[in-house]
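Please read the structure below before turning to the comments.
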Amino acid sequence: MFLREIERKWQEAWEKAGIFEANPDSCKEKFFVTFPYPYMNGPLHVGHAFTASRVDAYARFKRMQGYNVLFPWAWHWTGQPLTGASQRVAKGDEAFIRVLREVDGVPEEELRKFVDPNYMATYYTNESRIAAKRAGFSVDWRREFNTIMPTFRKFVEWQYNSLRAKGYVTKGTHPVVWCPKCKSPTGDHDRQEGEGVTPEEYTLIKFKLEEDAYLPAATLRPETIYGVTNIWINPDATYVEARVNDEIWITSEKAAEKLKEQGKTVKIKRKLKGRELVGKNFENPVAKEKLPILPGWFVDPKHATGIVYSVPAHAPYDWLALKDLQEKPETLREFGLDPENVKKIKPISMIKVEGFSEYPAIEIVKELDVKDQYDSKAEEATKIIYKKEFHSGVLKENCMEYSGKTVQNVKEILIEDFRRRGIADFMYDLPQPVVCRCLTPCIVKVLQDQWFLKYSDPEWKEKVREALSRMKIYPKTATQWFLAVIDWLKEWACARRTGLGTPLPWCPGWIIETLSDSTIYMAFYTINKQIRRHDIKPKMLTKEVFNYIFYGKGIIEKIALKSGIDTKILEEMRKEFSYWYPVDLRVSAKELVPNHLTFFIFQHTALFPPEHWPKAIGVNGMLMIKGKQMHKSKGNFVPTKTVIEEYGADAMRCALILSSEGMDDPDWRNENARDVKNKLVSFYNFTQTINENAKSDEIGHLEKWLMSKLQHRIIEVTENLEEMKMRTALEIALFEIWNDFRWYMNRRGGEDTKILKDTLKIWVKLLAPFAPHICEEIWDGMKEKPFISLAEWPKANEESINAQAEGNESLIKEVIEDTLNILKATKITPQKICYYTASQWKWKIYMKILEKSRKGEVKLNEIMRELAAEEDLRGKLKEAAKFTSKVVQEVGRTPEKRRETLLKIGILKEKEVIDDAKGFLADKFKACIIVFSEDARDKYDPKLKAKLSVPFRPAIYIE
RNA sequence: GCGGGGGUGUCCGAGUCAGGUCAAAGGAGGCAGGCUUAGGACCUGCUGCCAUAGGGCUGCGUGGGUUCAAACCCCACCUCCCGCACCA
């Protein structure tokens with residue numbers, strides 16, 4: 001196929017000439033673009049290609065504008081998925097292996113070697129590199145690396161030591177969903193069941209039992225403590241009495257186990273059945289009154305502490321359970337409870353909610369007709385009340401110091417107070433069961449000694465906001481999102497136990513987490529060229545070396561001596577970094593906004609001075625395949641390589657760019673790629689015929705029109721590219737300009753003019769960032785010197801903009817439109833079409849009014865007075881007055897921009913223009929065309945249409 | 001729940017910040033014709049409804065408002081998509 005041939009040809013030529021290898025050049029302004037390195041547990045797919053095509057088109061655009069552009073590339077190997085995948089191969093997971101074999105097309109002999117994660121990553125990296133090159137990305141490959149290379153690790157070590165030295169790293173605890181068998185956190189993708197479930201923090205209210213022990217009742221609504229009437233214990237469940245830290249707690253057996261994992265020391269003293277506790281009394285720590293423990297079979301001993309306090313006024317379950325006991329006193333006997341006392345228990349109303357009276361729980365139970373505590377509707381009732389009370393609830397006067405406050409506002413404060421006063425503690429639990437892939441039920445574990453990046457630090461956040469405010473964000477709407485993320489970000493655990501990556505330099509056994517080691521690596525691109533060329537060994541890359549390169553700190557001779565790197569090389573590296581930094585543009589899919597892209601800003605502000613903070617971020621949507629998310633397991637995985645083989649690189653790039661803009665998700669459909677491919681081929685053919693046939697030297701108004709139009713196109717394409725509106729830019733460059741050419745050629749007919757060649761040169765340039773190979777080929781065919789990739793980006797030539805020429809053509813277009821309209825309405829098959837152009841005096845008045853409207857309000861009587869003095873209006877004043885008032889009205893309704901355009905066009909020689917287009921019009925309508933001036937005496941005007949003519953709108957008569 | 005982004009013709013999608021040239025760009029699809037041995041290629045025209053004169057009607061999620069004028073501004077509502085963490 002000829003497309004593939006020219007692609008290969010030009011890729012080789014580019015590589016041979018090294019035109020994308022960018023070196024510092026003090027005479028040229030630099031532009032540094034980056035693309036987040038792809039994770040190498042699979043081949044490069046069209047999702048990557050989408051973002052990369054946008055980056056590349058931008059890079060090529062900037063290069064043609066004369067910037068010294070650096071577009072480097074690297075590969076992400078750090079993390080769990082690669083090791084996980086490799087282990088699955090090692091274990092012989094057939095389903096998984098089949099996907100690698102069939103979707104990724106990994107040959108059998110390679111597949112076997114995938115038991116080594118490094119091998120697997122190497123394989124995919126090699127495959128992906130080929131794909132990226134075939135896509136024609138204008139990358140400087142000398143700077144390539146992967147994230148577990150020892151030299152890169154030294155860089156990350158420097159990064160983390162520096163962060164720590166600056167106080168951005170802290171140690172703390174952190175709850176995770178944990179598999180007790182695998183002894184590791186169970187992320188969403190590792191789960192058999194319970195996707196999306198995260199630990200919930202329960203407040204434990206410590207109710208004192210008579211015998212100096214506590215009953216920690218778990219709740220999400222600690223504010224309801226002011227409405228407690230009793231505690232529920234499941235009489236049939238097993239509880240334990242245990243020493244928790246330095247107190248005696250009674251909890252369910254399960255809860256004791258959980259607490260052990262949450263940083264508490266737990267020593268179990270004895271087991272007991274729940275019924276042993278029922279009937280006893282406890283003390284409410286806020287009201288200090290004695291309340292009873294009642295049997296509650298609805299209490300789930302597996303959940304939280306297995307102890308629940310009862311607020312029947314505001315919790316449907318509590319009310320239902322209490323009602324049950326009150327209505328069935330016989331159940332109380334076996335616990336030695338006096339039914340009379342239980343009957344005396346009255347709900348305590350303590351939250352005022354709009355739309356409910358005193359006891360919301362009781363009301364909702366009635367309303368939904370919930371039968372008892374086992375009715376499934378009880379759950380729904382609970383949800384409704386919780387929501388309602390949280391959003392619009394206000395604490396009543398019996399809530400001591402919190403009275404009058406809204407539930408929403410008081411919650412956090414109250415929890416804090418209670419903890420401080422020793423009334424409350426907390427624990428984590430899962431709201432729904434989570435089961436690990438290994439089929440073990442998960443728990444919540446509080447990881448000790450975790451290392452965190454202090455993204456919560458208010459000063460740091462402020463700096464990041466400052467950085468953001470200086471940046472350009474494409475599209476603008478994404479800025480809001482960034483701001484929200486900056487606010488929302490908390491401590492980020494930056495180290496893990498498993499997976500590939502760089503060990504935490506000060507704490508062996510921990511590996512720097514993958515999102516955390518990928519934040520400032522763009523700086524590494526700037527120096528990796530030298531590292532590779534001079535074969536600099538990892539151990540030579542000391543802290544001092546990096547401090548010199550990135551900060552210019554230290555005495556170079558000393559550093560050279562100590563590190564073993566030549567001073568000249570050190571200087572070169574420093575120069576390289578200083579030249580390229582900061583990053584001018586980073587482009588990624590929107591999924592990275594809440595993590596990577598924001599971290600990217602955070603860490604730059606932490607480690608670099610403001611002049612090295614990133615300049616711009618482009619965000620785009622996530623690629624879908626026929627409207628669905630791409631997943632290997634779903635069988636809709638589309639590798640870049642396959643697409644290029646089928647449709648060619650240029651078609652892929654253009655189809656991707658045309659598929660969406662802004663943050664909308666692009667949708668990949670093969671038919672689109674096929675269509676674009678056809679378009680590109682016929683574009684190529686079109687250019688060939690022009691090159692062959694363009695002979696005429698003529699330059700008439702149509703040529704002027706084409707040139708003028710093209711100037712606008714240049715401006716539009718350039719402006720849209722600048723704003724990263726790649727699709728709009730390509731749409732104009734490919735479709736709109738094509739339509740201009742079509743109009744011109746149809747309108748003109750006959751032999752092609754030489755001017756087409758000149759305009760074509762501009763057109764090809766405008767397309768070159770998007771479809772570089774085919775444009776390069778056309779460029780070459782036009783005997784231009786290589787390469788179009790380095791050719792100068794077109795600039796609009798103000799002098800070629802010709803409002804009159806454009807006015808002429810839009811007149812023709814409007815005339816056609818109106819004629820068609822009449823034909824459609826009358827269903828006439830035209831024999832003869834007459835056009836009558838407006839009289840000179842009409843034009844005069846029209847222009848006068850336009851002119852005046854520029855300065856402000858147009859006064860009718862003022863104009864009339866002026867007109868009365870005009871010679872040539874004598875005898876026509878009445879008619880002129882009528883006309884004037886009509887025009888004044890019309891102009892009043894015309895937007896300013898349009899009025900300016902009309903003024904620029906000025907008085908059109910309408911008769912001439914239409915006369916000139918006669919042939920074209922006759923051909924179009926298959927009729928005889930006659931043009932008269934309204935003033936002509938001998939005009940053919942049987943229906944007296946001529947007098948209806950208006951400037952820019954000739955009258956029409958058809959028969 | 002919290003946060004972010006949307007809803008435009010058969011479909012995709014521009015237009016909304018700065019209201020008026022907006023029955024609404026461009027593309028795709030459909031229809032008709034041309035070119036061709038043929039074509040999923042290419043070219044030309046049409047593609048909301050009504051209308052024997054360039055007009056009228058309906059129309060940009062729904063309802064209301066502001067205005068001489070609303071896809072665009074304001075209010076309310078409905079609805080869809082995405083992210084919520086230690087994971088790339």
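The values are calculated or read from the model by the stated rules, or taken from the named source; none is laboratory data. Remember, it's a predicted structure, so these values are computed and weren't measured experimentally. Every residue, glycine as well, gets a Cβ built from its backbone with ideal geometry; the counts of neighbours run over all protein chains shown. For accessibility, only protein heavy atoms count, side chains too; no ligands or nucleic acids. Shrake-Rupley method; radii C 1.70, N 1.55, O 1.52, S 1.80 Å.
Per-structure values
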item	result
Conditions (1) at pLDDT below 95; (2) within 14 Å of RNA strand B (Cβ to nearest atom): number failed by A:ILE205	(2)
All positions within the range A:191-205 that are of a type outside the set (S, T, N, Q) and surrounded by fewer than 19 Cβ atoms within 10 Å (Cβ to Cβ)	A:ARG191, A:GLU193, A:GLU195, A:GLY196, A:VAL197, A:GLU200, A:GLU201
Enumeration of residues in the range A:903-924 that are farther than 20 Å from A:ASN746 by Cβ, among the aliphatic types (A, V, I, L, M) and part of a loop (DSSP other than H, G, I, E, B)	A:ILE907, A:LEU908
Hey, A:ARG129 under 30 Å from A:ALA95 (Cα atoms), open to solvent by 10 Å² or more (accessible area, probe 1.4 Å) and in a helix (DSSP H, G or I) or not	yes
Pair list, Cβ under 6 Å, 6 or more apart: the range A:99-110 residue hydrophobic (A, V, I, L, M, F, W, C), other residue open to solvent by 40 Å² or more (accessible area, probe 1.4 Å) and in a loop (DSSP other than H, G, I, E, B)	A:VAL99/A:LYS632; A:VAL103/A:LYS632
Residue count for the range A:141-183, restricted to those that are open to solvent by 60 Å² or more (accessible area, probe 1.4 Å), assigned to a loop (DSSP other than H, G, I, E, B) and over 30 Å from A:ILE130 (Cα atoms)	4
When residues of the range A:665-704 are limited to those that are at pLDDT 90 or above and more than 16 Å from RNA strand B (Cβ to nearest atom), the one most open to solvent (accessible area, probe 1.4 Å)	A:LYS704
Checklist (1) modelled with pLDDT of 90 or more; (2) within 16 Å of RNA strand B (Cβ to nearest atom) applied to A:ILE443, failing item	(1)
Pick from the range A:760-783, criterion away from RNA strand B (no atom under 16 Å from the Cβ) and closer than 29 Å to A:VAL913 by Cβ, ranking: surrounded by the fewest Cβ atoms within 10 Å (Cβ to Cβ)	A:LYS761
Strands (runs of 3 or more DSSP E) within the range A:209-261 that include 3 or more residues assigned by TED's automatic domain parsing to the domain that holds A:GLY274 and farther than 15 Å from A:LYS280 by Cβ	A:214-219, A:238-244, A:247-252
Number of positions in the range A:387-410 that are of a type in the set (Phe, Trp, Tyr) and at pLDDT 85 or above	1
Matching residues in the range A:504-554 - criterion: being surrounded by fewer than 19 Cβ atoms within 10 Å (Cβ to Cβ) and under 23 Å from A:PRO36 (Cβ atoms)	A:LEU515, A:ARG532
Selection count where residues are open to solvent by less than 30 Å² (accessible area, probe 1.4 Å) and either more than 9 Å from RNA strand B (Cβ to nearest atom) or of a type in the set (Phe, Trp, Tyr) (or both), scope the range A:831-840	5
Residue satisfying all of: in the range A:593-610; aromatic (Phe, Trp, Tyr) and assigned to a helix (DSSP H, G or I); nearest to RNA strand B (Cβ to nearest atom) among these	A:PHE599
Hits in the range A:648-664 - residues which are small (Gly, Ala, Ser) and more than 13 Å from RNA strand B (Cβ to nearest atom)	A:GLY648, A:ALA649
Number of positions in the range A:723-739 that are under 15 Å from A:LYS62 (Cα atoms) and open to solvent by 60 Å² or more (accessible area, probe 1.4 Å)	2
Filter result for the condition that a residue is open to solvent by 50 Å² or more (accessible area, probe 1.4 Å) and either under 14 Å from A:LYS848 (Cα atoms) or of a type in the set (S, T, N, Q) (or both), over A:LYS878, A:LYS882, A:LYS904	A:LYS904
Any chance A:ALA242 is aliphatic (A, V, I, L, M) and closer than 30 Å to A:VAL394 by Cα	no
Boolean, A:GLU200 is modelled with pLDDT of 80 or more and within 14 Å of RNA strand B (Cβ to nearest atom)	yes
Boolean, A:GLY499 is more than 17 Å from A:PHE155 (Cβ to Cβ), without any contact (Cβ under 8 Å) to a residue 60 or more places away in the chain, touching a Pro at 6+ places or on another chain (Cβ under 9 Å) and not β-branched (Val, Ile, Thr)	no
Yes/no for A:VAL619 being within 15 Å of RNA strand B (Cβ to nearest atom), surrounded by 20 or more Cβ atoms within 10 Å (Cβ to Cβ) and not in a helix (DSSP H, G or I)	yes
Single match in A:LYS590, A:LYS634, A:LYS626, A:LYS641 (criterion: open to solvent by 40 Å² or more (accessible area, probe 1.4 Å), within 11 Å of RNA strand B (Cβ to nearest atom) and among the basic types (Lys, Arg))	A:LYS590
Selection within the range A:555-583 - surrounded by 21 or more Cβ atoms within 10 Å (Cβ to Cβ) and either touching a Pro at 6+ places or on another chain (Cβ under 9 Å) or within 30 Å of A:MET726 (Cα to Cα) (or both)	A:GLU576, A:PHE577, A:TRP580, A:TYR581, A:VAL583
Helices (runs of 4 or more DSSP H) enclosed by the range A:15-117 - at least 1 residues per element that are hydroxyl-bearing (Ser, Thr, Tyr) and farther than 18 Å from A:SER588 by Cβ	A:80-91
Subset tally (residues that are assigned to a loop (DSSP other than H, G, I, E, B), free of Cβ contacts under 8 Å to residues at least 24 places away in the same chain and surrounded by 12 or more Cβ atoms within 10 Å (Cβ to Cβ)) for the range A:372-416	3
Top-ranked residue in the range A:925-959 [being assigned to a helix (DSSP H, G or I) and more than 7 Å from RNA strand B (Cβ to nearest atom); ranked as surrounded by the most Cβ atoms within 10 Å (Cβ to Cβ)]	A:ALA946
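Let's see how each residue does on (1) open to solvent by 10 Å² or more (accessible area, probe 1.4 Å); (2) part of a helix (DSSP H, G or I); (3) away from RNA strand B (no atom under 16 Å from the Cβ); (4) modelled with pLDDT of 85 or more:
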| position | (1), (2), (3), (4) |
| --- | --- |
| A:ALA796 | yes, no, yes, yes |
| A:LYS813 | yes, yes, no, yes |
| A:LEU823 | yes, yes, no, yes |
| A:LYS842 | no, yes, no, yes |
| A:LYS852 | yes, yes, yes, no |
| A:GLU857 | yes, no, no, no |
| A:MET864 | yes, yes, yes, no |
| A:GLN889 | yes, yes, no, no |
| A:GLY892 | yes, yes, no, no |
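Per-residue answers, yes or no, for (1) under 54 Å from the mean Cα position of the chain (by Cα); (2) free of Cβ contacts under 8 Å to residues at least 12 places away in the same chain:
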| site | (1), (2) |
| --- | --- |
| A:LYS827 | yes, yes |
| A:TRP841 | no, no |
| A:TYR846 | yes, no |
| A:LYS855 | yes, yes |
| A:LEU873 | no, no |
| A:LYS876 | no, no |
| A:GLN889 | yes, yes |
| A:GLU896 | yes, yes |
